[in-house]
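The structure appears below as structure tokens.
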There are 2 protein chains.
Amino acid sequence: MDTMGRHVIAELWECDQQILNSQADVEKVMVNAALESGAEVREVVFHKFSPQGVSGVVVISESHLTIHSFPEHGYASIDVYTCGDRIDPQVATDYITKRLRAGRVETIFIPRGVGSFADVKQNVEILR
Amino acid sequence: MDTMGRHVIAELWECDQQILNSQADVEKVMVNAALESGAEVREVVFHKFSPQGVSGVVVISESHLTIHSFPEHGYASIDVYTCGDRIDPQVATDYITKRLRAGRVETIFIPRGVGSFADVKQNVEILR
């Protein structure tokens, strides 16, 4: 199996605070994001923190998706990492961005498993 | 809770191929890395792929550690993300690097939850 992978790190701001604080909603968004991008879901683990926040991981055959939400700040910290070139991590990232109703997203794209981080790319989008 | 976090992405090359292909060994290294750094382990999920490779996640109160191993290439793809400033993700990264007997490690440090990726730092180390 080839080591090549693509990793999108996204900082989502101004998200819907109610969604961010619902473990059921966050889990649904993350699993559906994996499925939307064509990934094969292997394991799903979510954890609700007291008093606020949800952390979760979707392990896919092609690597993983993670989220850590901070409802009180309208902030969610997202990672979408896919091995190989069949699945585009940006598809899942865009899905999550939309479903969490983010107002601002900052992303960093990191090539994985290719022996160099030379092609790291950054982007900022104001969505409303 | 403050959104500030620190994320170390590490590409480990020339690792011990037997360790990389043992789910039990990889899981032990990752859980111990979390504990060594002082993190509180919440969930542990590992998956062995056929014919080779292990994927796994350790969800900690302070975010997560992940690994994807490619034994046939001696390569392991590591993420250590810790929220707050109590836990240093470099401690867990160094522990994993040593226990997997990596010969070369490339890391990228990404500040999370601070509204900017301005301080992204990269580093390459040849260990033998």
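The values are calculated or read from the model by the stated rules, or taken from the named source; none is laboratory data. Just so it is clear, the structure is predicted and the values come from calculations on it, not from any experiment. Here Cβ is always computed from backbone atoms with ideal geometry, including for glycine, and neighbour counts include all displayed protein chains. Accessible surface areas use protein heavy atoms only, side chains included; no ligands, DNA or RNA. Shrake-Rupley method; radii C 1.70, N 1.55, O 1.52, S 1.80 Å.
Among (1) open to solvent by 10 Å² or more (accessible area, probe 1.4 Å); (2) within 8 Å of another protein chain (Cβ to nearest Cβ); (3) farther than 25 Å from residue A:17 by Cβ, where does residue A:72 come up short?
(3)
Anything in the stretch B:78-94 that is facing chain A (nearest Cβ under 10 Å) and farther than 15 Å from residue B:110 by Cβ? List them, or say none.
none
When the stretch B:1-29 is examined, which residues are found to be in contact (Cβ under 8 Å) with a residue 12 or more places away in the chain, open to solvent by 20 Å² or more (accessible area, probe 1.4 Å) and away from chain A (no Cβ under 11 Å)?
Hits for the stretch B:1-29 are B:6, B:14, B:16, B:17, B:18, B:19, B:21, B:22, B:23, B:27.
Taking the criterion of being within 12 Å of chain A (Cβ to nearest Cβ), closer than 20 Å to residue A:43 by Cα and open to solvent by 20 Å² or more (accessible area, probe 1.4 Å), would at least one residue in the stretch B:54-64 satisfy it?
Yes, the stretch B:54-64 contains at least one residue that is within 12 Å of chain A (Cβ to nearest Cβ), closer than 20 Å to residue A:43 by Cα and open to solvent by 20 Å² or more (accessible area, probe 1.4 Å).
Just give me the residues in the stretch B:33-44 being open to solvent by 50 Å² or more (accessible area, probe 1.4 Å) and more than 12 Å from chain A (Cβ to nearest Cβ), in sequence order.
Scanning the stretch B:33-44 gives B:35, B:36.
So which residues in the stretch A:76-128 are at positive phi, in contact with a strand residue (DSSP E or B) (Cβ under 8 Å, 6 or more places away or on another chain), open to solvent by 20 Å² or more (accessible area, probe 1.4 Å) and modelled with pLDDT of 90 or more, if there are any at all?
A:84
Kindly state which helices (runs of 4 or more DSSP H) lie completely within the stretch A:1-107 and contain at least 2 residues that are within 14 Å of the chain's Cα centre (by Cα).
So the answer is A:23-36, A:89-99.
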